[in-house]
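Input: a single structure, listed below in structure tokens.
The values are calculated or read from the model by the stated rules, or taken from the named source; none is laboratory data. Quantities reported herein were computed from a predicted structural model and do not represent experimental measurements. Neighbour counts run over all protein chains shown; Cβ positions are idealised from the backbone, glycine included. The protein model used for the area step is the full one, side chains on, heavy atoms only, and it has no ligands, DNA or RNA in it. Shrake-Rupley method; radii C 1.70, N 1.55, O 1.52, S 1.80 Å.
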Amino acid sequence: MDPRLTEVSQVFERFKAAFTRNDIDTCTKLLSQLKVMLTEFPSLPPLFKESPNAVHELTLARDIYEHAVVLSVKCEDQDAFERDFFQLKPYYTDTCGIIPPSPQEYPILGLNLLRLLVQNRIAEFHTELELLSASALENPCIKHAVELEQSFMEGAYNRVLSARQTVPHETYVYFMDLLAKTVRDEIAGCSEKAYDYLSINDAKQILMFSSDQELSEYITEEHPEWEIKNGFVFFQKAKETAPCKEIPSLQLINQTLSYARELERIV
Amino acid sequence: MCIGSLARRAISFSQETRAFFFRALACSNLSLCFFFSISLLFSLLDQACRTMATVAMVSSASALLAMLNENHPVLKLHALSNLNTFVDYFWPEISTSVPTIESLYEDEEFDQRQLAALVVSKVFYYLGELNDSLSYALGAGPLFDVSEDSDYVHTLLVKAIDEYASLRFKAVESNEAAAEVDPRLEAIVERMLDKCISDGRYQQAMGSAIECRRLDKLEQAIMSSDNVHGMLLYCIYISHSYVNRREYRCEVLRLLVKIYQRLPSPDYLSICQCLMFLDEPEGVASILEKLLQSGSKDDALLAFQIAFDLIENEHQAFLLNVRNRLPDSKSRASSRINPPQPSESVEHETSGSDSAQNGNAGAGSATVAGSVEDVQMTEGAVQEMNPNEVAYAEKLAKIKGILSGETSIRLTLQFLYSHNRSDLLILKTIKQSVEMRNSVCHSATIYANAIMHAGTTVDTFLRENLDWLSRATNWAKFSATAGLGVIHCGHLQQGRSLMAPYLPQSGAAGGGSPYSEGGALYALGLIHANHGEGIKQFLRDSLRGTNVEVIQHGACLGLGLAALGTADEEIYEDVKNVLYTDSAVAGEAAGISMGLLMVGTASEKASEMLAYAHDTQHEKIIRGLALGIALTVYGREEEADTLIEQLTRDQDPILRYGGMYAIALAYRGTANNKAIRQLLHFAVSDVSDDVRRTAVLALGFVLYSDPEQTPRIVSLLSESYNPHVRYGAALAVGISCAGTGLSEAISLLEPLTSDVVDFVRQGALIAMAMVMVQTSEACDSRVGTFRRQLEKIVLDKHEDTMSKMGAILASGILDAGGRNVTIKLLSKTKHDKITAVVGLAVFSQFWYWYPLVYFISLSFSPTAFIGLNYDLNVPKFEFLSHAKPSLFEYPRPITPPTTTSAVKLPTAVLSTSVKAKARAKKEADQKASAAEKIFVEEGSAGSSSGKVSKSIEKNGDSMQVDSPSEKRTEAEPSFEILTNPARVVPAQEKYIKFLEESRYVPVKLAPSGFALLRDLKPTEPEVLALTDAPSTVASPAAGGSTAGQQQGSASAMAVDDEPQPPQAFEYTT
């Protein structure tokens, strides 16, 4: 067996051990070490060079990246999640003929969908969805995310929030928490358009805050343009009517004149 | 993923198709090869697909892009290098992440910045942002591999060279140091040039080097090539056709001269051409002197050849300069000995068996070689001089004779006279059909006659029709007299005595009409056009001695022509005085004359003329001056821009019109984009029809070096609603495609010849004739159609006068110069012929002033091969035209009318249709007999096929209705033996071959024009072919050469009237 492969496997074993210990620092350190080591295997994407150990190498690399994704969720690091997920993705999409599908595939894809939902990147969410086969959509992990998105779009925010209890995988919890905040942002955006002002109590209820304190913190942080006055929250500042467009008269005059000139010049 | 599926689909497709093709193959074995190649192709494709399918392929670059954001530099590097590999597939994805990669490039600590730059550059390339792509490619440094064979590299290299060239150009423009040029850019271009040179692609290297103004690289490319001479010729060619700026072109040429001189065996012919362009007469003179002094006969022949080549470019001022710089033969001759006579007389004895005519010819050349007086003066001088000195002086005298143009003009005259094949019946038909009272058509016929016989000295038609001629009054008389000048064009010695009866008699207030006197002065100018040394003084005196404006008019034009481009101050002052009399008639001619005097000098006189043009009230004067101003900037290109600007912005449309001519002449034959743009702009936007017309017409001048372009550029304009623009388009095509017989040009002009507006028809007919001149019906059947159309228009009673005039002039131009001349604006070395261009420019003024039609004779150049021996005589020499004789033969003389002119039309149709049938049959016959007929065997072929061609010629001459067509059914030979001097039309040049066993070998392999012949058997007696023209006439029986036979019955009936240049007789006695 290739010595480099053995080395990678050994480091990966240590990583897994640390991972189960929840020793996150060690994990990240080992992970970056692993990633560098992986660049030396030409059989991995994007090169896909044929080699005797290709299957083994690919499986190992996929395993490493799957762990990396889960680790990033544990660290609550969304950027790392995105990075690792994209690096993992070719192993799912482009290696189907070479290595058997991974059991972790659907949970991780679902996780990614959830992340897109949390980040309110609906377009990308649907792009991802389109790439999945019909059977994949039946998978509970994927189904969960799809249902969430549907409720989210309908505005059935309560259903979204209650779905936290029915997560198909323990890693999903982190994103479900974040989802609550996304929902709140949505609501805030809508109420801004819908109302000129709201009483503090109503606002608190709509935005699902338990105390005035939290509400005012939220406002100063996310919507500094809102104003709290006499027990009311005023939104109107945000509603600036766009000035109606002026007619570009000079430009039009110039154009007409040049047409007239061109007409004169017709050969 | 998608690529994978595509590949799979491709496989299944290819399998199906392959099956289909194999089935097809089984059914038919007709196109076996074709199917086989197709199936082979598919199997290849199939293989390619399979390799693609087994090796997996990433479907997206997102993984790599994500990796770019990793912290570890090794990961970034890994991602980057993979991106570089896959950028060709994934650039759309990568393009969104370009900022990330750019930031990597800008990160000083990142050690693979160049790789990042390369990736970004590629992405920008795919996005079509070539500027950004180039700047990042420069950042990539050595990673950008110029030798890589990919679209990306090719495109960027082109871009880099363009960029570099434009930077260099700007740097030169603004006279700043080239400091602004990015050194990296320079490095890339240099790498590219070096690579071209090392790969042996010298032409590319030279082209790019010239474009980039890197003369050092140009030199390197030329020197390192294995064919230095070829490269130099190529370089001269591109510097003329692609270098737009005159100054820079001069620089390139100077470099070329330098390289030429360094070569072990310099090509003096090319050097002298370069030097002529650079206007450095000293250089040419010293080369000629060196060649003459070397003593070898071959060198002397080469020197003569150079002189003839220079003459062809018609640069009078330059030639005079060269001549004056050569050591003075007279001073030597008078103190020592000169007479070429001894050698001549020796020749007389050796060739004693020949008739006395050879003696005449020899003596004729002697008169030119060492001027007569000189010989007589030194007649009794000491004979015991150093023979080397004698030979040198003799050679010097000869070369001066050549440079003065006398030799070539004399030979041309002899050729045109002896080969004159003009068809008087055409003129007769025209004369009979034109109404007596219609003076426009009457004088048009006179013009046509003059043009048809230009330079042939055959004025039979005029002499036979003196009654008819006398109907010309006033200005018609003026032009009738001037017409004699065209007919006798080049008759330098006899010119004045010929015109004597018409010239103003000094002192006595002669009874001659001022119109014929003015015309005679104009005629003298035409005779001496561009070679007016001898006649200038006389013309000046005539100008001063009169205050009749008609005579002044004639004298001004005559002076302008005779002193063309000499910038003679005294003459200029005389002409200016005439101008300041503010007489409309004389002033117009004075304006043109000043321009002719100052052609191409760009002198300050132009502003003087412009000032007067603003002062005067007479439109005629303004027009004359406008053209004159335009002529002064001839060929000056950018230097003329200020003046052009001044003229084109003027309030007065006539001056703007002059501005159009200024553009035309300043940028003549350069195909300069700026000039074309400007002209097209004026052609569509000016308010004056005259200016529009001229702007379009001027395009013809700008584009004549590239005639294929013109029909394309003016095709839209020729469909304009404005008849003036259509007229201009027709003439533009006529001018730039003159003498080419270009098919597109004819197709464009054809519909215009039946335009609804009369003057458009006129222009189109004239233009068509200019295009078709010397194109035979066998080459393009439309020539015959056109001839019939002309005849129909002339005969049609209801046709407008304008188009009738056009048709008459067109018939003249079509058969110009006894059918032995064509219109040529470029010499064989691709220099512009200044006289020809100026002639056509003034000719195009005939719109306002008919007598200017005669200027077209300036643009005629004889289509002849004239071989000369060391004594500048024409020896008997045969060579081969490897094409069917019928392709290039003279047009058949039209059939004589049996009863009335009405019968002529059907007979004309008959003869051609019969001929067409005969040709079809003949071709079938010929294929069968071709095998034995072609190359009979060089030696014996000379005599036997010579007879064949001669007999055919006789058939053609014996003007019988039926015999030519019947006899011609026998197979036509596929080649023809021509005898020196011979008519070689431009289209025929490529078929000319010199026989290997011939006694003479040309110094330069030129298929036409003057060629010096090296005599391989100098001891044997020479047989001379071309004798002095009139002596042939005096004794028509002595047709030792074919010339006498070719004279034909057409002109033979009246030749006795010919004036006989008496020198030959005087001398031999």
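Specify which of the listed residues (B:Ser62, B:Ser103, B:Ser81, B:Ser95) is farther than 24 Å from A:Lys29 by Cβ and free of Cβ contacts under 8 Å to residues at least 12 places away in the same chain. Spell out how you get there, then give the answer.
On the way: B:Ser62 fails: free of Cβ contacts under 8 Å to residues at least 12 places away in the same chain; B:Ser81 fails: free of Cβ contacts under 8 Å to residues at least 12 places away in the same chain; B:Ser95 fails: free of Cβ contacts under 8 Å to residues at least 12 places away in the same chain.
Going through B:Ser62, B:Ser103, B:Ser81, B:Ser95 in turn, just one is farther than 24 Å from A:Lys29 by Cβ and free of Cβ contacts under 8 Å to residues at least 12 places away in the same chain: B:Ser103.
What residue, of A:Lys16, A:Lys49, A:Lys29, A:Lys74, is more than 18 Å from B:Val58 (Cα to Cα), free of Cβ contacts under 8 Å to residues at least 12 places away in the same chain and open to solvent by 50 Å² or more (accessible area, probe 1.4 Å)? So that I can check it myself, show each step before the final result.
On the way: A:Lys16 fails: free of Cβ contacts under 8 Å to residues at least 12 places away in the same chain; A:Lys49 fails: more than 18 Å from B:Val58 (Cα to Cα); A:Lys74 fails: free of Cβ contacts under 8 Å to residues at least 12 places away in the same chain.
Exactly one residue qualifies, and that residue is A:Lys29.
Quick one: B:Pro751 ticks every box in (1) away from chain A (no Cβ under 14 Å); (2) under 24 Å from B:Lys824 (Cβ atoms) except a single one, so which number is it?
Of (1) away from chain A (no Cβ under 14 Å); (2) under 24 Å from B:Lys824 (Cβ atoms), only one is false for B:Pro751: (2).
Quick one: count up the residues across segment A:109-139 that are within 14 Å of chain B (Cβ to nearest Cβ), hydroxyl-bearing (Ser, Thr, Tyr) and open to solvent by 70 Å² or more (accessible area, probe 1.4 Å).
Qualifying residue count, segment A:109-139: 1.
Select, from B:Ala671, B:Ala664, the only residue that is assigned to a loop (DSSP other than H, G, I, E, B), more than 14 Å from every other protein chain (Cβ to nearest Cβ) and either on the phi > 0 side of the Ramachandran plot or touching a residue at least 60 places away in the same chain (Cβ under 8 Å) (or both).
Numbers: B:Ala664 fails: assigned to a loop (DSSP other than H, G, I, E, B).
Result: B:Ala671 is the single residue among B:Ala671, B:Ala664 that is assigned to a loop (DSSP other than H, G, I, E, B), more than 14 Å from every other protein chain (Cβ to nearest Cβ) and either on the phi > 0 side of the Ramachandran plot or touching a residue at least 60 places away in the same chain (Cβ under 8 Å) (or both).
Need pairs with beta-carbon distance below 6 Å; first residue outside any helix (DSSP H, G or I) and within segment B:141-167, second modelled with pLDDT of 85 or more; sequence gap 6+ or separate chains.
B:Phe144/B:Ala137
Find the residue count for segment B:416-452, including only residues that are surrounded by fewer than 24 Cβ atoms within 10 Å (Cβ to Cβ), hydrophobic (A, V, I, L, M, F, W, C) and in contact with a Pro (Cβ under 7 Å, 6 or more places away or on another chain).
1
Might you check whether a residue that is among the charged types (D, E, K, R), crowded, with 23+ Cβ neighbours inside 10 Å and within 14 Å of chain A (Cβ to nearest Cβ) occurs anywhere in segment B:712-729?
Initial filter on segment B:712-729 (among the charged types (D, E, K, R)): B:712, B:719, B:726.
Keeping just the survivors that are crowded, with 23+ Cβ neighbours inside 10 Å gives B:726.
Adding the requirement that they be within 14 Å of chain A (Cβ to nearest Cβ) leaves B:726.
For segment B:712-729, residues among the charged types (D, E, K, R), crowded, with 23+ Cβ neighbours inside 10 Å and within 14 Å of chain A (Cβ to nearest Cβ): present.
Could you tell me whether any residue of segment B:48-57 is at pLDDT 50 or above and more than 58 Å from the chain's Cα centre (by Cα)?
First, pick out the residues of segment B:48-57 that are at pLDDT 50 or above: B:56-57.
Applying the additional criterion that residues be more than 58 Å from the chain's Cα centre (by Cα) yields B:56-57.
Looking through segment B:48-57, at least one residue is at pLDDT 50 or above and more than 58 Å from the chain's Cα centre (by Cα).
Looking only at segment A:92-108, count every residue that is open to solvent by less than 10 Å² (accessible area, probe 1.4 Å), more than 18 Å from A:Ile142 (Cβ to Cβ) and either under 22 Å from the mean Cα position of the chain (by Cα) or within 9 Å of chain B (Cβ to nearest Cβ) (or both) and tell me the total.
Number of matching residues: 1.
Can you say whether A:Asp63 is charged (D, E, K, R), in a helix (DSSP H, G or I), open to solvent by less than 10 Å² (accessible area, probe 1.4 Å) and under 21 Å from A:Ser43 (Cα atoms), as far as the supplied structure shows? Give the steps one after another, and end with the answer.
On the way: charged (D, E, K, R): yes; in a helix (DSSP H, G or I): yes; open to solvent by less than 10 Å² (accessible area, probe 1.4 Å): no; under 21 Å from A:Ser43 (Cα atoms): yes.
Judged against the criteria, A:Asp63 is not a match.
Evaluate the following for A:Glu76: is it within 11 Å of another protein chain (Cβ to nearest Cβ) and among the acidic types (Asp, Glu)? Can you show your working first?
Numbers: within 11 Å of another protein chain (Cβ to nearest Cβ): no; among the acidic types (Asp, Glu): yes.
Spelling it out, it is not the case that A:Glu76 is within 11 Å of another protein chain (Cβ to nearest Cβ) and among the acidic types (Asp, Glu).
Kindly establish whether A:Lys89 is within 27 Å of A:Thr20 (Cβ to Cβ) and at the interface with another protein chain (Cβ under 10 Å from one of its Cβ atoms). Working first, answer last.
Working: within 27 Å of A:Thr20 (Cβ to Cβ): yes; at the interface with another protein chain (Cβ under 10 Å from one of its Cβ atoms): yes.
In short, yes.
Considering only segment B:560-633, give the helices (runs of 4 or more DSSP H) lying wholly within it that have at least 3 residues that are open to solvent by less than 10 Å² (accessible area, probe 1.4 Å) and within 27 Å of B:Leu320 (Cα to Cα). Write out each step before concluding.
Working: elements: B:569-580, B:584-597, B:605-615, B:619-632.
Correct list: B:569-580, B:584-597, B:619-632.
Have a look at B:Leu138, B:Leu77, B:Leu134 and point out the one that is in contact with a Ser or Thr (Cβ under 9 Å, 6 or more places away or on another chain), within 14 Å of chain A (Cβ to nearest Cβ) and of a type in the set (A, V, I, L, M).
B:Leu77
Select, from B:Arg761, B:Arg788, the only residue that is at pLDDT 90 or above, over 28 Å from B:Arg693 (Cα atoms) and out of contact with any strand residue (DSSP E or B) (no Cβ under 6 Å at 6 or more places or on another chain).
Working: B:Arg761 fails: over 28 Å from B:Arg693 (Cα atoms).
The unique qualifying residue is B:Arg788.
What's the number of the only condition in (1) modelled with pLDDT under 85; (2) more than 12 Å from every other protein chain (Cβ to nearest Cβ); (3) more than 26 Å from the chain's Cα centre (by Cα) that A:Ala17 fails to meet?
Tallying (1) modelled with pLDDT under 85; (2) more than 12 Å from every other protein chain (Cβ to nearest Cβ); (3) more than 26 Å from the chain's Cα centre (by Cα), A:Ala17 fails exactly one: (1).
Looking only at segment B:674-711, filter to residues that are assigned to a loop (DSSP other than H, G, I, E, B) and of a type outside the set (Asp, Glu); which one of those is nearest to the other protein chains (Cβ to nearest Cβ)? Steps first, please.
Start the filter on segment B:674-711 by keeping residues that are assigned to a loop (DSSP other than H, G, I, E, B), which leaves B:686-688, B:703-708.
Among the residues that remain, those that are also of a type outside the set (Asp, Glu) are: B:687-688, B:703-705, B:707.
Working: B:Val687: 9, B:Ser688: 14, B:Leu703: 18, B:Tyr704: 23, B:Ser705: 25, B:Pro707: 23 Å.
Residue satisfying both the conditions and the ranking: B:Val687.
Looking at segment B:689-701 only, could you name the residues that are small (Gly, Ala, Ser) and open to solvent by 20 Å² or more (accessible area, probe 1.4 Å)?
Within segment B:689-701, the subset small (Gly, Ala, Ser) is B:695, B:698, B:700.
Across segment B:689-701, there are no qualifying residues.
Rundown of residues vs (1) of a type in the set (Gly, Ala, Ser); (2) touching a Cys at 6+ places or on another chain (Cβ under 6 Å); (3) open to solvent by 50 Å² or more (accessible area, probe 1.4 Å), yes/no style:
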| residue | (1), (2), (3) |
| --- | --- |
| B:Val119 | no, no, no |
| B:Asn131 | no, no, yes |
| B:Ser147 | yes, no, yes |
| B:Lys159 | no, no, no |
| B:Ile188 | no, no, no |
| B:Asp199 | no, no, yes |
| B:Tyr202 | no, no, no |
| B:Ile222 | no, no, no |
| B:Gly230 | yes, no, no |
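Does B:Ala444 qualify as being in contact (Cβ under 8 Å) with a residue 12 or more places away in the chain, assigned to a helix (DSSP H, G or I) and of a type in the set (Gly, Ala, Ser)? Working first, answer last.
On the way: in contact (Cβ under 8 Å) with a residue 12 or more places away in the chain: yes; assigned to a helix (DSSP H, G or I): yes; of a type in the set (Gly, Ala, Ser): yes.
So B:Ala444 passes the test.
Among the residues that make up segment B:702-709, is at least one of them within 29 Å of A:Glu264 (Cα to Cα) and surrounded by fewer than 24 Cβ atoms within 10 Å (Cβ to Cβ)? If you could, list the steps in order and put the result at the bottom.
Of segment B:702-709, the ones within 29 Å of A:Glu264 (Cα to Cα) are B:702-703, B:709.
Still in the running and surrounded by fewer than 24 Cβ atoms within 10 Å (Cβ to Cβ): B:709.
The answer is yes, given that some residue of segment B:702-709 is within 29 Å of A:Glu264 (Cα to Cα) and surrounded by fewer than 24 Cβ atoms within 10 Å (Cβ to Cβ).
If I go through segment A:20-37 residue by residue, how many of them are away from chain B (no Cβ under 14 Å) and among the hydrophobic types (A, V, I, L, M, F, W, C)?
2
Taking B:Leu411, is it touching a residue at least 24 places away in the same chain (Cβ under 8 Å), outside any loop (DSSP other than H, G, I, E, B) and more than 25 Å from the chain's Cα centre (by Cα)?
For B:Leu411, the condition - touching a residue at least 24 places away in the same chain (Cβ under 8 Å), outside any loop (DSSP other than H, G, I, E, B) and more than 25 Å from the chain's Cα centre (by Cα) - is not met.
Conditions: (1) in contact with a strand residue (DSSP E or B) (Cβ under 6 Å, 6 or more places away or on another chain); (2) not in a loop (DSSP other than H, G, I, E, B). B:Asn873 meets all but one. Number of the miss?
(2)
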